[in-house]
Amino acid sequence: MHSQHAGRRSQPNRRALLGTIAGVAAAGVAGGFAWDRLGHDSGDAAADDGTGTGPSSRPTGAHTFERLTAPDRTVARSADGGTLATFTDGARTAVLTGPARTFSEPRTTEAKVTTDAWVRVLPHAWQQGMEKSAWFKGWFPKALADTSPDVFAVAFQYSSAGARDKRNADGVRYAGTAHFGPRNSKVSNPLDFAYYDEQSDFFDYLGVPWDFPDGTRVQPEQARYGCVDCSGFQRLVWGYRMGIPMHNTNTKGVGLPRRAYAIAAYGPGRLIIPQTDERPTDLGVLQPGDLVFFAIIKDRPNFIDHVGFYMGLDDQGRHRFYSSRSAANGPTMGDLSGHALLDGTDFYARGFRAARRL
C-alpha cells in the first residue's frame, strides 16, 4: 500500500516496510464516525491502547442515509434516528460511533477527552451516492463492528507520556514514544518553542530511507531517530500508518506535503475552515480527526507554522487538539507552554487559523 500510494523505503528496507504494513493495515482499511443525535460525544472507558473496553454503543439493525450541507456530507442513521457515521464529500476521513474511550496525559494536563468517535480512513475519497456501491455495502457492516486501532489509537501509540515500543518482524520500531527533535544547544529554557529542533519527518522517526513517488530519495538523520515535528507527526500517523499518499515538497502534489502551511493550502481532502488571516469563530463545523492549523510565529501572525488534529470536547467542555510540540518533547494533548485548546484566550486559541478534513 505504501509503496504504491504514499511512497516507499529504499529497496534494502522493503521487507521491513512490508512487515510493518502487515501489522497495521487493518487500522487504515475500515472507517467511519458519528456524533449522537444531540451532536455530542458520550461514554467513559478505554484501554491504554485506545481500542475501547466497554460494550459496543453502536446500534444494530436497519439504517438510512441523509444528505447534509456545509460541508456536503452523507450521514448514516440508525433506526431510532441516531447518527451512525458521517462521510464528507472529497475526504477519506470518516468517523463512526463506537465504544467510548477516554484519552488522558497526566504528565502535562489534568484534562481528559472521553469520546465515542472512532476516526478512520476510507479506501476512497467519499462521493455522493457511494453508499449504494458494492464495496460500501460489504465494508460498512464490518466497519461498524471494527474495534481495531483507529487514528486516535494509532496517534497515542507515540504519546510523549510513555507509549510502548512496537516493532515489525525485521526489528524496525514503527511505534513507541516519539520526541519532537534533537536538543537545540542555543536555547536554554526547556519551555521555549525552539528548545528541541524542528525538521524531523516520519522517516527520521523510523530510521529508514524513503523513496517518494516523484523519485525523491531521502535518508534519515541519525540524530533525529525517534523524532517527529508537528507536520512530521501527522505524516507518520495519516501517511505512513493510515495509508494517505505523501510527497516531499511544499507545493501542490498527490497527498500530504511536508510543512504545516503546505498541508493547510494543498493537502488532500476538504478545507473545512479556510485561512482568512483571522481566528475562526465557528468551531461547530469541526469533527474529530480534522487537522487544525495555527499561526504561532510572533513576527508572522498569519503564517501557518503548526498543525495538530482535533480531538473533540474535553471533560471541561473545551475544544482540545493533539499535536507534536517542543515543550512536551513529542506528541501531546497537554498544556505546557500553552493550552492545547481552540477556544478561549490562550496562545494556541489565539493562533488558530484553519482546518482541513483529509
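We did not get these values from a lab; they are worked out from the coordinates using the rules stated. Just so it is clear, the structure is predicted and the values come from calculations on it, not from any experiment. Please note: Cβ atoms are built from the backbone with ideal geometry, for glycine as well, and neighbour counts cover all protein chains shown.
For V119, what charge total do you get from the other residues with a beta carbon under 10 Å from its beta carbon, if Lys and Arg give +1 and Asp and Glu give -1?
Values: positive: R120; negative: D150, D290.
Combined, the nearby Lys, Arg, Asp and Glu give -1.
Placing unit charges on the Cβ atoms of the charged side chains and taking the dipole of the stretch 313-353 about its Cα centre, the candidate lying farthest along the positive direction among Y322, S337, G351 is G351.
How do L286, L144 line up, fewest other C-beta atoms within 10 Å first? Before the final figure, lay out the partial values.
Working: L286 20, L144 23.
Ordered from fewest to most neighbouring Cβ atoms within 10 Å, L286, L144 come out as L286, L144.
Couplings for the stretch 200-209, taken from phi via the Karplus curve 6.51 cos²θ - 1.76 cosθ + 1.60 with θ = phi - 60°, read 9, 9, 4, 6, 5, 4, 6, x, 10, x Hz in order; Gly and Pro are left as x.
Taking the Cβ-Cβ separation of T249 and A79 as r and a Förster radius of 35 Å, what is the calculated FRET efficiency to the nearest 0.05? So, using R0 = 35 Å, E works out to roughly 0.15.
What is the extension gain from R183 to R350, computed as 0.36 nm multiplied by their sequence separation minus the C-alpha to C-alpha distance, in nm to one decimal? Mind dumping the intermediate values first?
On the way: separation 167, 0.36 × 167 = 60.12 nm, distance 2.73 nm.
57.4 nm is the gain from fully extending R183 to R350.
Could you calculate the contour length gain from R67 to E278, that is, 0.36 nm times the residue separation minus the distance between their Cα atoms, to one decimal place in nm? Present the calculation step by step, with values, prior to reporting the outcome.
Numbers: separation 211, 0.36 × 211 = 75.96 nm, distance 3.00 nm.
Extending this stretch completely gives an extra 73.0 nm.
Using θ = phi - 60° in the Karplus curve 6.51 cos²θ - 1.76 cosθ + 1.60, the 3J(HN,Hα) couplings for the stretch 277-288 round to 6, 9, 5, x, 9, 9, 8, x, 7, 6, 10, x Hz; x is entered for Gly and Pro. For the pair D214 and K132, label points projected 7 Å from Cα toward Cβ lie 3.9 nm apart. Phi angles across the stretch 314-319 convert, under the Karplus curve 6.51 cos²θ - 1.76 cosθ + 1.60 with θ = phi - 60°, into 3J(HN,Hα) values of 7, 6, 9, x, 9, 7 Hz, Gly and Pro given as x. Estimated at 0.36 nm per residue, the fully extended path between A223 and H124 surpasses their Cα-Cα distance by 32.0 nm.
Less than 5 angstrom separates the built amide H of K166 from those of Y174, A175, G176, all sequence-distant by 5 or more or on a different chain.
So which lysines can K298 reach, going by Cα to Cα under 30 Å and dropping same-chain residues fewer than 8 places off? Within reach: K112, K186, K252.
Here's how it looks for C227: its modeled amide H is under 5 Å from those of H179, Y205, which are all 5 or more places away or on a different chain. Other residues whose C-beta falls under 10 angstrom from the C-beta of P268 contribute a net charge of +4, scoring Lys and Arg +1 and Asp and Glu -1.
Please say if the stretch 72-111 is rounded, prolate or oblate, where rounded means a/c under 1.5 for a ≥ b ≥ c the square roots of the C-alpha gyration tensor eigenvalues, and otherwise the choice is prolate for a/b larger than b/c and oblate otherwise?
Working: a/c = 4.20, a/b = 1.83, b/c = 2.29.
Oblate shape, in that a/c is at least 1.5 and b/c is the bigger or equal ratio.
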